[in-house]
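This report refers to the structure that appears directly beneath it.
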Amino acid sequence: MMGSLLMAGAAPAAPAGLSGYQGAWVLAGRDCAEVYSAAGRGLSFRKPVDLFAPAFIISGQRIRTPMASCRVRSIRTVDGRDHLDLDCANAVASNDVRVIMTPAKDGTLTRYYSEQDPTGIAYRRCSER
């Protein structure tokens, strides 16, 4: 995905379905400081950007990873999981992407690889300071 930077603190209004997901996220067990650096009022991807870092920033209706920038087209909840339909672009191409995730009670986020994935993978939110 694209190496664009986005400050997590300067977000346009988020749709109600994304309000609990706003911020910078990293795979549970990874150090936020390895992936992000402070930038203004929020976080941005540390330079040089690690294109393979398991991390993303949700700001308003946008999701950015180290390699791509995505716009959230729609959100629908199915069986307690949020299905996000995204328009994503990187330096080479653009395509439609579907992401399935849900917030966990412990403050983490669980991302599922498919509707049949029973466990998913946990991400934790990084502090902006």
Please compute the contact order of the chain in relative form: average sequence separation of alpha-carbon pairs under 8 Å and at least six residues apart, divided by the residue count, as a percent.
26
For the chain, with the dipole built from +1 on Lys and Arg beta-carbon atoms and -1 on Asp and Glu ones, taken about the Cα centre, which of Ala91, Leu18, Tyr36 lies farthest toward the positive end?
Tyr36
FRET efficiency for Val92 and Tyr113, using Cβ-Cβ distance with R0 set to 22 Å, rounded to 0.05
0.45
For region 77-92, in residue order, the Karplus 3J(HN,Hα) values (coefficients 6.51, -1.76, 1.60; θ = phi - 60°; whole Hz; Gly and Pro = x) are 9, 10, 6, x, 10, 8, 9, 10, 9, 10, 9, 10, 9, 9, 5, 10
FRET E, pair Asp85, Leu51, Förster distance 30 Å, beta-carbon r, rounded to 0.05:
0.80
For a quick protection proxy, order the peptides 44-53, 109-118 by their average other-Cβ count within 10 Å, most packed first.
44-53, 109-118
Rounded, prolate or oblate: which fits region 27-129, taking a ≥ b ≥ c as square roots of the Cα gyration tensor eigenvalues, rounded meaning a/c under 1.5, else prolate when a/b beats b/c?
oblate
The chain, Gaussian network, Cα under 10 Å: of Ala33, Ala89, Ala24, the residue fluctuating most is Ala33
Tensor-based shape of region 83-129 (alpha-carbon gyration tensor, a/c under 1.5 rounded, otherwise prolate or oblate):
oblate
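Values in this text are rule-based calculations from the coordinates and carry no lab data. All figures in this text were calculated on a predicted structure; none of them were measured in a lab. Glycine also receives a Cβ, built like all others from the backbone with ideal geometry; neighbour counts cover every protein chain displayed.
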